[in-house]
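Okay, structure first, notes after.
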Amino acid sequence: MFKKSIKAYKEACEVIPGGVDSPVRAFKSVGGTPPFIKKGEGAYLFDIDGNAYVDFVQSWGPLIFGHCDKDIEKAVIKTVKKGLSFGAPTLLETELAQEIVSMYKNIDKIRFVSSGTEATMSAIRLARGVTNKNDIVKFEGCYHGHSDSLLVQAGSGMATFGSPSSPGVPADLTKHTLLCEYNNISQLEKCFEESSDIACIIIEPIAGNMGLVPATNEFLEKCRELCNKHGALLIFDEVMSGFRASLKGASGILNIQADILTFGKVIGAGMPVGAFAASKEIMSHLSPEGKIYQAGTLSGNPVAMAAGLESLKKLKANPKIYEDLSKKAIKLVNGLKEVATKNGIALQVNTRGSMFGFFFCEEEPKNFKEVGKCNFERFATFHREMLKHGFYFACSQYEAGFICTKITNKMIENCIKTADKVMKGLKNNA
Ligand SMILES: *Cc1c(COP(=O)(O)O)cnc(C)c1O
């Protein structure tokens, strides 16, 4: 059933390292060949062999309205016809900026970049520039893109390959990155005892790059308290959770406010966009207003802005969408849990808005180390079998899953029925 994809993958491997432009796409942790995608439509992906899949990945998060949403498509095409890029200001940038900052009390200004990696990298530079300090605190299993100083015990792609860091990143650059266990208050306190040079804490308030592992309230409160006490800034990396966990992301369901927010994924609706935002005082340090340099030839690209703007307008006009997505996410994971239990398989499940996660293990993991104790072989078998039956889940236990508006209850029911059969097999084999 993957004949053409197998051939395509071989050909790709000749000219692209590992055949892919982002490592996790290679399916290394579940084995087999990644299906090459021909097109998407609504909740479905179609590969070049003609297989159809219900897509629970949605380009790793951005496509909250699924593939080829008519409104987004129309907005993009209209913009494309006026030119692809100008390297000069456009009204679309201001409009998208207004849409986003008007939603949050703690941010006044936002700057657009072209990826989540750029967003977090720039946010860190801003935090260091504003505080005039050098160290940053990051947590094991949180992924903030692939910039040098953040590539220390990052989750997902990195975790899947088991590399704690990456060759090519000088130790000189990561020595300022203090690493703590997620949800571990005493380790965090120790960081602040050991260094008086901490510029910021960067955290995924709802981690989605070691599977779905939300931070506890007490832990986030401690992050806020320590930042206040030591003059450091708190960065919530909402590249994944923004407009996903709720309309206002993780910030919308927590009582804790960050100083800097980073965005990506949903704000581009499938186009390459990232952004970082803060109060006008903090943002005034950014060039050309201030001295901290940050730039991008294609930043605020009009086509990308148009896609994001249409998507956000739709979300804001109909906030009930989140109730629906959340219900479906819960229905899916509860169903999976039920059939797992029925088949004697230990499964831990979790959701936050339209994000969901499941782990093959006995107890709910609270940090990266605990995620590492899950049954990865079992996950790989489950993934392969579900794929064969037309359900496209993220190809690693270190990734979260996503519900889009085009996924129906019927699709979820079918998915659970299929999972029941697959788990029966798991019980006997893996
Ligand atoms: C995806 C992601 C990034 C990196 O974004 P890219 O667009 O892949 O560079 C950063 N932080 C988080 C939390 C993410 O999920």
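Taking the DSSP beta bridges with both ends in the range 70-317, the antiparallel portion is around 40 percent. Pairs from the list Lys327/Lys421; Lys70/Lys328; Lys222/Lys320 with a Cα-Cα gap above 28 Å: Lys222/Lys320. Once the dipole of the chain is set up with Lys and Arg at +1 and Asp and Glu at -1 on Cβ about the Cα centre, which of Leu150, Gly87, Ala317 lies farthest towards its positive end? Of the candidates, Ala317 comes out farthest on the positive side. Structural descriptor for the chain: relative contact order 22 percent, calculated from alpha carbon pairs under 8 angstrom and at least 6 residues apart.
Principal axis extents of the Cα atoms in the chain, from largest to smallest and rounded to whole angstrom, are 59, 54, 46.
Rolling a 1.4 angstrom probe over the protein chains, ignoring ligands and nucleic acids, what is the accessible area of Lys337 in square angstrom, nearest 10? Accessible surface of Lys337 is approximately 70 Å². By DSSP, the beta bridges lying fully in the chain are antiparallel in about 60 percent of cases. The antiparallel fraction among DSSP beta bridges confined to the range 138-269 stands at about 20%. Of Asp21, Asp197, Asp49, the residue with the greatest mean-square motion in the GNM of the chain, using alpha carbon springs below 10 Å, is Asp21. Just to confirm my numbers, what's the Cα centroid distance between the range 375-412 and the range 50-117 in Å? Measuring centre to centre over Cα atoms gives 25 Å.
With semi-axes defined as the square roots of five times the eigenvalues of the C-alpha gyration tensor, the equivalent ellipsoid of the range 1-151 measures 34, 25, 15 Å, largest first.
For the range 311-411, the spread of Cα positions along the three principal axes, ordered from largest to smallest, is 42, 31, 23 Å. Neighbours of Ala250 by Cβ distance under 10 Å: Lys/Arg scored +1, Asp/Glu scored -1, total 0. Mean residue ellipticity at 222 nm, helices only, the chain: -12000 deg cm²/dmol; runs of at least 4 DSSP H residues each add -39,500 (n - 2.57), and the sum is divided by the number of residues.
Short-range pairs are left out: with C-alpha atoms under 8 Å and at least six residues apart, the relative contact order of the range 70-317 is 29 percent. Largest to smallest in accessible area, the residues Arg128, Arg384, Arg244 fall in the order Arg384, Arg128, Arg244 (1.4 Å probe, all protein chains included).
By the Cα gyration tensor, the range 70-317 has an equivalent ellipsoid whose semi-axes, rounded to whole angstrom, run 30, 19, 18 from largest to smallest. Computed from point charges on the beta carbon alone (+1 for Lys and Arg, -1 for Asp and Glu), the dipole magnitude for the chain about its Cα centre is near 1340 Debye.
The residues neighbouring Phe379, those whose beta-carbon lies less than 12 Å from its own, together hold a net charge of -1 under the Lys/Arg +1, Asp/Glu -1 convention. Helices of the chain meeting both criteria, an alpha-carbon length of 24 angstrom or more along the long axis and an average Kyte-Doolittle score not below -1.0, with helices taken as full DSSP H segments, are 320-342, 409-428.
Running a GNM on the chain with Cα contacts under 10 Å, which residue among Glu93, Glu193, Glu363 ends up with the highest mean-square fluctuation? Looking only at Glu93, Glu193, Glu363, the largest GNM fluctuation is found for Glu193.
The values are calculated or read from the model by the stated rules, or taken from the named source; none is laboratory data. What you see is a predicted model, and the numbers here were worked out from it, not measured in a lab. Heads up, the Cβs are rebuilt from the backbone with ideal geometry, glycines too, and the neighbour counts pull from every protein chain shown. For the accessible areas, the whole protein counts, side chains as well, though only heavy atoms, and no ligand, DNA or RNA atoms are used. Shrake-Rupley method; radii C 1.70, N 1.55, O 1.52, S 1.80 Å.
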